[in-house]
1. Which numbered condition in (1) in contact with a His (Cβ under 8 Å, 6 or more places away or on another chain); (2) over 24 Å from ASN227 (Cβ atoms); (3) not hydrophobic (A, V, I, L, M, F, W, C) is the only one that ASP173 fails?
2. Of all residues in segment 133-148, count the ones that are assigned to a loop (DSSP other than H, G, I, E, B) and either surrounded by fewer than 18 Cβ atoms within 10 Å (Cβ to Cβ) or touching a Ser or Thr at 6+ places or on another chain (Cβ under 8 Å) (or both).
3. So which residues in segment 107-136 are among the β-branched types (Val, Ile, Thr) and in contact with a strand residue (DSSP E or B) (Cβ under 6 Å, 6 or more places away or on another chain)?
4. I'm told SER164 meets every condition in (1) open to solvent by less than 30 Å² (accessible area, probe 1.4 Å); (2) hydroxyl-bearing (Ser, Thr, Tyr); (3) over 26 Å from TYR226 (Cβ atoms) except one. Can you identify the failing condition by its number?
5. Return the residue satisfying two criteria in turn: it lies in segment 176-186 and is in contact (Cβ under 8 Å) with a residue 60 or more places away in the chain and either within 16 Å of the chain's Cα centre (by Cα) or part of a helix (DSSP H, G or I) (or both), and of such residues it is farthest from VAL230 (Cα to Cα).
Amino acid sequence: MSKIDPPKISLVTSCFNAEAHLETTLRSVLDQGYLRLEYIVIDGASTDGTLDILRRYESQLAVIESAPDRGQYHGIQKGMNLATGDVMAWLNGDDTYYPWTLSVVSEVFARFPDIDWIVGTPSYMNTRGQCTRVSGVAASAYPQTDIRNGWYRPDLSGYLQQESMFWRRHLWDRVGGLNLALNYAADFDLWRRFAEYAPLVSIATPLALFRQRPGQQRSSTGALQYNAEVDLICRNLRQAPWLWRTIAAKSEVMRHLFRMARFRREPAIAYSGSKQSWELTNNWRTVARTTLADTLLEHSLRKK
C-alpha cells in the first residue's frame, strides 16, 4: 500500500449533565493518540460536574463550548459548524470508541478515496461499561435504496448505529447537515439524505460501543416521538414491499428472519490476513446484522 497522508478527523460530542460517563467517552478518543484529531465538545450549560471533567482535558480538546442550546442535535450542528476535518463523526457523551477505531477509519478513508461513508459492526455495552453484544454478522449489506427510502427503521430493517458512522466532509456539506426541526430522528433523516448521494460501506470490525441505559436515554424514553418523526419523514417516500411489511408486523423474530432472507450485492471492507491490509469487496450478503442463533437467544432472554 502506498504511503498516503492520514486524514484530519473531526469529532463532536454534544452533552448535558454527562458526568457519569463523559470521562470514559473522552478517554476512548484521546487515548488513541491520533495525531490529526480535532475533538470538539459542545456542552449545553451543564449543572453537574461535566465542566470540571472537560477542564481536565482542555489541552487535548480543540474546542470546549458551554452554553444553553436547543438540545443534542443543536449542539452537534454547532460543533460541526466549527469542524475543519476531512472526515467527520459525532460520539455521544455516554458511548465509546474501541482502541483501534481512529486508526482503522484513517486507513480506510486514505486507502479508498471513492468511499464517502462507512459504518462498523454494531456492538453494545451496559451501564457498567461491559461489552454485552457484538452483532454476529460481519459487514452486513446496507442497500443504498433501502436507506434512501427510509426502510432502516425499527419495524423493518432496524436502526443504523450512529456511533459507528464516519463520513467525508463534502457529504455533510452536500446535504446541509442536520435538520434541526427534528428533535428525535434527525440522525435517521441525515442517513436517508446521505444515501441520496453515496452508498454506506460496512467494515467487518466493530468501531464503537453504544451504552444501553433503558429508561434513561432518548432512544428508549423518546421511542414514540422518534417513530412519529420517522413516519413524518417517510410519508412521501416509497413504501417497503407489502410482503415485507406484513411479515415484519407479526413479531420481532419474524422481522429478523425476513432480514436474514434478504441478500444484496453491496460493497464492504474486510481485513485480509494474507495481504495485511484492509480490502474492498463487493459480494452478496444478508441485510441482517444478527444470526438466527443470536436472534433466538435474545428473544429467549426477553421472555424471562
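The values are calculated or read from the model by the stated rules, or taken from the named source; none is laboratory data. Everything numeric here is computed off the predicted structure, so don't read it as measured data. Every residue, glycine among them, receives a Cβ derived from its backbone with ideal geometry; neighbour counts consider all protein chains shown. The accessibility values were calculated without ligands, DNA or RNA, using every heavy atom of the protein model including side chains. Shrake-Rupley method; radii C 1.70, N 1.55, O 1.52, S 1.80 Å.
1. Failed condition: (1).
2. 8
3. Scanning segment 107-136 gives VAL108, ILE115, ILE118, VAL119, THR132, VAL134.
4. (3)
5. That would be GLY177.
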